[in-house]
Amino acid sequence: MEHNLWTRERLLEFCETRLGGCKFIVVANREPYIHRHGPTGIECVTPASGMATALHPVLAATGGTWIAHGGGDADRETVDAHNRLQVPPENPQYTLRRVWLTEEQEQGFYYGMANEGLWPLCHITFNRPVFRPEDWEHYREVNELFADAVIEEAGDGAAIVFIQDYHFALLPRILKQRGHGKLIIAQFWHIPWPNKEVFRAFPWGEELLDGMLGNDLLGFHVRLHCQNFRDTVDRVIEARVNQDLSLITRGGADTLIRPFPISIDFAAHERDSQSPEVEAAMERWRERLHLDGRKLGLGIERLDYTKGIPSRLQAIDYFLAKHPEWRGKVLFVQIAAPSRSSLPSYQMEEAAVDALYEEINAKWGTPGAPAIILLKQHHGPADMMALHRLCDVLLVNALHDGMNLVAKEFAASRCDEHGVLLLSRFTGAWRELGEALSFNPFAIHEIADALRMALEMDEAEQRRRMRRMREHIRFNNVYRWAGKILTALLRFDLPEFDYESNDASALD
Ligand code: F6P
């Protein structure tokens, strides 16, 4: 297996030898570095985004350009005349090109269409999507704006354009229509794709699908989402869908649909999680949490209704009610990074979390020893790795999640092979990490049962499970994810591309 391991160096070598003079351009709404005005001047922060965490090492290895919305209030002050800057600021490895949006565009494109329309539509967590024609207008407009930036960055030469996520469904078709001729276009959809019945609710379905079929390659995390996408196209739009080859043909052009489960930079994460900085953060957490022999349960996510934080709190309540012997013997820490907080659906989620948090602490906590600590702030990587290493159980009970990288990061932090992962069956990660304790996230009693099993699991069993998960993630790391996508793309460039011999299993 070792000889087949994808590493940063292997990806770099692959790009140097196989991409030739081809530029590598990533388009993602969220930027990897945000500049903001802070109390001591301009600060540079990294966002709470699994997508950004995963893409960063790939860009660092390949060089190239990341085109993103410049959303920070000091972003304009930190770019050059072409709206570019080199990042990471302290050790430049690639170019960040910022695109500017008006407040109305950001509202309609990002908050409205992407996050009140497509996000709930694709996740199916029983949050009703909102579809406003004016948001769709802004969505179109912003996709055009990003196309301008891509064309500018590509220049006259050949480029691979790698588009991220549900913010840019129309961009692939727009790029094809601009007639550049030397662009290979791929898109990775980081969130689930719903079944065809659910997709019927989307008012501009044909236009959206036509946009996505401008891609040469379209990736999802898991096969089920590829299947859902093919079935949706088959039902909604004029196209030939070849289910066996997972290939869709529209207007004479092909789009290959493939699963590529995203991952993390395991080696870097493992190394960083053992650093003196993380050791120091562990010490600070120990002082702050006063564990005094109590076990530690942990949840880390953005405050988003797809993550199921209220269900987790209800499961903790149910668990403590059912198992009095555990009262006062376990502390739960919930990191809930603020996210999209101007949207009513997110405000309602926060209110539900706050109310449950108060209620459960009043019931099961004592003065000075709460049952739950809720921290509604963004925390840096060292703090999160420190918590991974300190906890006994990590709870991931997302109601629906394309992948969930927190689960993978937790395992990568655990060189000691201690700790148990609780993982929702409705995450992409569950399909890979069979040694996690799994459950239906909509069934509170199942989460509570899994929690009890985790807290009572013996050391040898913890080690056995953790070791296997770590091995899996070490091999199936983010460089493998990127390498497989790029390999698939390079084959596209060849006119004699042989689909028969490049079936789905060969690319997995
Ligand atoms: O993974 C889905 C995703 O929307 C990413 O695109 C994004 O970076 C992350 O979740 C966080 O969301 P946002 O960029 O809206 O803060």
### Task
Just the number, please: percent antiparallel of the DSSP beta bridges in the chain, rounded to the nearest 5.
25
### Task
Take the solvent-accessible surface of the protein heavy atoms, probe 1.4 Å, and return the percent of it on region 266-474 that carbon and sulfur atoms account for.
53
### Query
Which FRET efficiency value, to the nearest 0.05, is calculated for Glu358 and Met457 with the Förster distance at 25 angstrom and r the Cβ-Cβ distance?
0.25
### Task
Any chance you could give the angle, 0 to 90 degrees and rounded to 10, that helix 459-475 forms with the longest Cα principal axis of the chain?
10
### Query
Nearest 10 degrees, 0 to 90: what angle lies between the long axis of helix 276-289 and the longest principal axis of the chain (Cα atoms)?
50
### Query
Heavy-atom accessible area per residue, the chain, 1.4 Å probe: how many Å²?
40
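Using only DSSP helix segments of four residues or longer, with each worth -39500 (n - 2.57), what per-residue ellipticity at 222 nm results for the chain after dividing by its residue count and rounding to 500?
About -12500 deg cm²/dmol.
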### Query
With a ≥ b ≥ c the root eigenvalues of the C-alpha gyration tensor of region 349-403, is it rounded (a/c under 1.5), prolate (a/b larger than b/c) or oblate?
oblate
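Take the Cα pairs of region 276-351, get the Kirkwood Rh, then feed it into Stokes-Einstein at 10 °C and 1.306 mPa s and tell me D in µm²/s.
On the way: Rh = 14.4 Å.
Roughly 110 µm²/s, to the nearest whole number.
On alpha carbon coordinates alone, what is the Rg over Rh value for region 259-386, Rh being the Kirkwood radius?
A ratio of 1.00.
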### Query
Using Cα atoms only, what is the angle between the long axis of helix 309-322 and the major principal axis of the chain, expressed in degrees (0 to 90) to the nearest 10?
30
### Query
Going by a ≥ b ≥ c, the root eigenvalues of the Cα gyration tensor, does region 266-474 fall in the rounded group (a/c under 1.5), the prolate group (a/b larger than b/c) or the oblate group?
rounded
### Summary
Fraction of alpha-carbon pairs in the chain farther than 35 Å apart, rounded to whole percent, equals 33
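The values are calculated or read from the model by the stated rules, or taken from the named source; none is laboratory data. Source: prediction; values computed, not measured. Cβ coordinates were reconstructed from backbone atoms using ideal geometry, including for glycine residues, and neighbour counts include every protein chain displayed. Accessible surface areas use protein heavy atoms only, side chains included; no ligands, DNA or RNA. Shrake-Rupley method; radii C 1.70, N 1.55, O 1.52, S 1.80 Å.
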